[in-house]
Each structure stands twice: as structure tokens, then as C-alpha cells.
Amino acid sequence: MKRMTGFSPRVQAVIAERSGEVCEIQVDCGGAAAVQFHHRRPRGSGGSSLEWVNMPTNALHVCEACHRWVESNRAQARWMGWLVPLNGCAVAAGVRVKYRCESWVVLDDDGGVTPC
């Protein structure tokens with residue numbers, strides 16, 4: 001049996017509700033439709049055994065253009081909270097996010113967005 005390494009359908013639904021189906025990054029799109037789920041802390045090859053990696057705090061609902069931007073501009077994406085380093089003790093829940101290029105927020109696993 002193949003092990004699931006991504007966001008479950010339930011978690012995807014929470015993320016989609018939080019985003020309203022609009023890109024949560026908006027660094028390269030101006031508010032395009034969100035069509036991909038981005039892991040802030042990458043899963044790594046073969047996935048991750050860390051449960052929080054597939055939770056809403058570690059996810060952003062993004063458009064294709066912004067997802068490509070994050071993967072091509074990793075240092076800036078880390079500073080914006082769109083990527084969480086693989087090394088170190090940081091967990092996504094404790095890393096603030098520049099949300100829709102407007103304000104700094106903290107995400108929670110219930111789909112909440114709290115300004116900080």
C-alpha cells in the first residue's frame with residue numbers, strides 16, 4: 001500500500017476554505033486562482049514522518065506562477081515565511097507569513113489567519 005505523503009482531502013478543504021480559492025502569496029500574480037497546495041516546510045524525498053508537515057499551518061494555497069516564484073527565490077521565500085527551513089527546530093506553526101503580500105500573519109490548523 002502506497003503511503004500518502006501530501007495533504008489529506010480534509011486538510012485540503014480547510015486550506016481551500018481559508019484561501020477562498022485565491023492565491024495566498026500573490027508575489028507574482030495579483031490574486032489569481034489558487035490551484036496548488038504548497039508545503040512551507042518541504043516534505044523531502046519520499047515524504048516526511050512529521051505529522052505537522054501535512055497540516056494547514058504548513059500549507060499555502062497558491063497559483064502556479066507564485067509557486068514557481070517561491071521555488072526559484074528560496075532565500076526571499078524563507079524571509080517571507082513561504083518556506084520553512086529543513087534544518088533547525090522551526091515548525092511552520094511558529095513562523096509568521098507575509099499573507100497575500102499585504103500583512104504578517106500566523107496560520108493555525110483550524111484554517112485561521114491571525115495578524116501579528
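Roughly speaking, what is the centre-to-centre gap between the range 13-30 and the range 98-116 when only Cα atoms are used, to the nearest Å? After rounding, the separation between the Cα centres reads 11 Å. What shape does the chain have by the C-alpha gyration tensor, where a ≥ b ≥ c are the square roots of the eigenvalues, rounded means a/c under 1.5, and otherwise prolate means a/b greater than b/c and oblate the rest? Judged from the Cα gyration tensor, the chain comes out rounded (a/c under 1.5). Here the contact order of the chain, divided by its residue count and restricted to Cα pairs under 8 Å and six or more residues apart, works out to 28 percent. With the simple model of a label 7 Å out from the Cα in the direction of the Cβ, TRP79 to VAL22 spans 2.6 nm. Projecting the Cα atoms of HIS61, LEU107, ALA77 onto the charge dipole of the range 60-116, computed from C-beta unit charges around the Cα centre, puts ALA77 farthest toward the positive end.
May I ask you to derive the relative contact order of the range 21-85, considering only C-alpha pairs under 8 Å and at least 6 residues apart, and to give it as an integer percent?
40
Treating only the Cβ of Lys, Arg, Asp and Glu as charged (+1, +1, -1, -1), what charge dipole size does the chain show about its Cα centre? Round to the nearest 20 debye. Around 420 debye, computed over the chain.
Rule-based calculations on the coordinates, nothing more; no lab input. Remember, predicted model here, so these are calculated numbers, not experimental data. Virtual Cβ from ideal backbone geometry, glycine too; neighbours counted across all protein chains shown.
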